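What follows is a single structure, written as structure tokens, with notes after it.
The values are calculated or read from the model by the stated rules, or taken from the named source; none is laboratory data. Remember, it's a predicted structure, so these values are computed and weren't measured experimentally. No Cβ is skipped: glycine too gets one built from the backbone with ideal geometry, and neighbour counts run over all protein chains shown. Protein only, heavy atoms only, side chains kept; ligands, DNA and RNA dropped before computing areas. Shrake-Rupley method; radii C 1.70, N 1.55, O 1.52, S 1.80 Å.
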Amino acid sequence: SVKQHQVIIIGAGAAGLMCALTAGYRGRDVLLLDNAKQLGRKILISGGGRCNFTNQNIEPGAYLCSNPHFVKSALARFSQWDFIAMVERHGIDYHEKTLGQLFCDDSAKDIVDMLTTECDWAGVKIQLRTEILSVAATDGGYSLQTSEGEYRCKSLVIATGGLSMPKLGATPFGFRIAEQFAIKVLPTTAGLVPFTLQPEDKARFEGLSGISLPVIAKAECGRQFREAMLFTHRGLSGPAVLQISSYWQPGQSVLFDLLPDLDFVDWCKTITAESPKLSLKNGLSRLLPKRLVERLQELGELPNKNFNQLSKADVAALDSYFHCWQIQPGGTEGYRTAEVTLGGVDTDELSSKTMEAKRHPGLYFIGEVVDVSGWLGGYNFQWAWSSGYAAGEVV
Ligand code: FAD
């Protein structure tokens, strides 16, 4: 027996849940399918378990997409303020951590509970543990062969996410469906991901893991982020590194300003006047983590001198050393630890108003499966909410 629904959404993650409740409130008969045992797993582990669910400063410039205008319509029609209003209606306490990033006070589970409650109120049917075996176009709709039998629908929404964190059930399903319908998929890579180091650098920074410092990280394309950098035992991480990783291409270097805002030449003058016999190492340890300074000196990258022994050339060299500290990453940690997938379903193939495939009426792609990725800080969930809403309004 074939089960018929007006709308079927594949993927009960952030985008799928938002799309389902939006369509449900419009009176649509919605079935939300997922192959996992549990819905919204990425929401649950996001933001260190507190879910950075949106950002107060959402703007199109914070998204990577081959068509930078594509995100504008959906973000405008369901904005961060709309999502915040829903969070407030559910009495969920939240706070701004930094840079406009909003987190739950208590737990990411509050967001999953909110979305499932809304789906329930909207009459959405949610069915987990369902393998989608195949999808085919029918007369005026789509049919799905699944582990639970055959389903048919008028509108089919693909919300299966990207490739990041396969441990959490990420699959290339959405890209395969796009390819099946001859919808272009742009090459995918890991984004918001730690860097690994070349062997020489790995040896240079051995033992520094856990050290964190504020930096400005700059990619060769000119994009820069002012946030913290963290040494790990595999390489470099921290928000500045994750952000810049989305703008980095293999083989390129990244420049770090290790002393942002400091006029180093001036600072040296002041210290030399105040404490001429202070060692460079002890002086720098007032500005930078001591272990890092010690290591850089052991490596011979800093002169073993007191401030009054530093020549003009020494000071100039140190100035450029700290403000333009260059690293050529060996690579990234890849999808295993990436927060997002760059690339995906080509936005040229979709309506920016509805997320419907231009050449396949009734077929929609929302969330991370689309070639839209945001900065770190709640931007990716906002894309999931906004694109899910856009499709939910029309399916
Ligand atoms: P997902 O939320 O990934 O949902 C996809 C759903 O599809 C899943 O339920 C999955 O089980 C299902 N599915 C997959 N394949 C199939 C299949 N073949 N058949 C059936 N179902 C399938 N973003 C932020 O904005 N703020 C954060 O704090 C944040 N923290 C993050 C932390 C981590 C560790 C990670 C990995 C990501 C984080 N992100 C964060 C990014 C954010 O989680 C994603 O951008 C967002 O979840 C994408 O939503 P989505 O609905 O498109 O996909």
### Query
Where both residues lie in the chain, what percent of DSSP beta bridges are antiparallel, nearest 5?
70 percent
### Summary
With N residues in the chain, Rg(alpha-carbon) / (2.2 N^0.38 Å) equals 1.16
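How large is the Rg to Rh ratio of the range 319-393 when both quantities use alpha carbon positions and Rh follows Kirkwood?
Ratio of gyration radius to Kirkwood radius: 1.18.
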#### Entry: Cα-derived Rg over Rh, computed across the range 203-272 with Rh taken as Kirkwood radius
1.04
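So if each residue of separation counts as 0.36 nm, and I subtract the Cα-Cα distance between Q309 and D266, what length gain in nm does that give?
Full-extension gain reported as 13.9 nm.
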### Task
Per DSSP H run of at least 4 residues, take -39500 (n - 2.57); add these up for the chain, divide by its residues and hand me the 222 nm value, nearest 500 deg cm²/dmol.
-9000 deg cm²/dmol
### Query
Counting only heavy atoms of protein chains, what accessible area per residue, in Å², does the chain have with a probe of 1.4 Å?
43 Å²
### Task
Can you tell me the order of 13-19, 282-288, 369-375 when each peptide is scored by its average per-residue count of other Cβ atoms within 10 angstrom, highest first?
13-19, 369-375, 282-288
### Message
How large a share of the accessible area of the range 1-137, in percent, is made up of carbon and sulfur atoms when the probe is 1.4 Å and the other protein chains stay in place?
### Response
49 percent
### Summary
Here the FRET efficiency for R89 versus E150, based on Cβ atoms and R0 = 41 Å and rounded to 0.05, is 0.60
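Looking at the range 56-147, what % of the alpha carbon pairs are farther apart than 17 Å?
Here the tail beyond 17 Å accounts for 69 percent of pairs.
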### Query
Rg and Dmax of the range 1-90 over Cα atoms: what are they, in angstrom?
15.4, 49
### Query
For A36 and N282, what is the calculated FRET efficiency with R₀ set at 51 Å and r taken between the beta-carbons, to the nearest 0.05?
0.40
### Message
Under the rule of at least 5 residues apart or a separate chain, name every residue whose amide H is placed under 5 Å from the amide H of N306.
### Response
L280
### Query
For the range 166-230, which whole-number percentage of the solvent-accessible area (1.4 Å probe, protein heavy atoms only) is attributable to carbon and sulfur atoms?
55 percent
### Query
Along the Cα-to-Cβ line of C221, 7 Å from the Cα, sits a label point; which residues in the range 338-358 have backbone N less than 17 Å from it?
339-348
